Amino acid sequence: MRCVIARFPFDLTKSEVEQSLNGIAPEPVVGVAVTINSRVYPVMQVGEVITRQNRRDFTTGEMRRALTRLGFACHDAAPPAPAAPAWSALADESATGW
């Protein structure tokens with residue numbers, strides 16, 4: 001499939017994208033993610049690998065559209081779990097020491 005990323009045309013196939021990410025560890029996901037070969041990658045990391053361009057040269061939207069058209073599942077990253085406040089650990093202790 002032909003797609004334009006950062007004003008450059010690319011002929012990409014789903015299998016080529018999967019092959020290019022073999023052996024590459026996914027970075028921590030912040031923002032938009034894509035599932036490839038049962039692994040979740042940030043779309044910007046995938047874009048950098050398949051286009052060999054700097055991440056500043058293309059947008060998340062461009063990569064999301066291209067990857068979706070290729071048949072990959074793109075999704076927003078789950079928000080991080082809220083950290084428990086420091087005082088909650090003290091609330092679990094017995095209050096009989098007062």
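The values are calculated or read from the model by the stated rules, or taken from the named source; none is laboratory data. What you are looking at is a predicted structure, and each value in this text was computed from that prediction instead of being measured. Quick note on the areas: whole protein, heavy atoms, side chains included, nothing else; ligands and nucleic acids left out. Shrake-Rupley method; radii C 1.70, N 1.55, O 1.52, S 1.80 Å.
Summary table
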{"read-out": "Whole-number accessible area per residue in Å² for region 17-70, which is evaluated in the context of all protein chains at 1.4 Å", "value": "55"}
{"read-out": "Region 8-78: C-alpha gyration tensor shape, a/c 1.5 cut-off, then a/b vs b/c", "value": "rounded"}
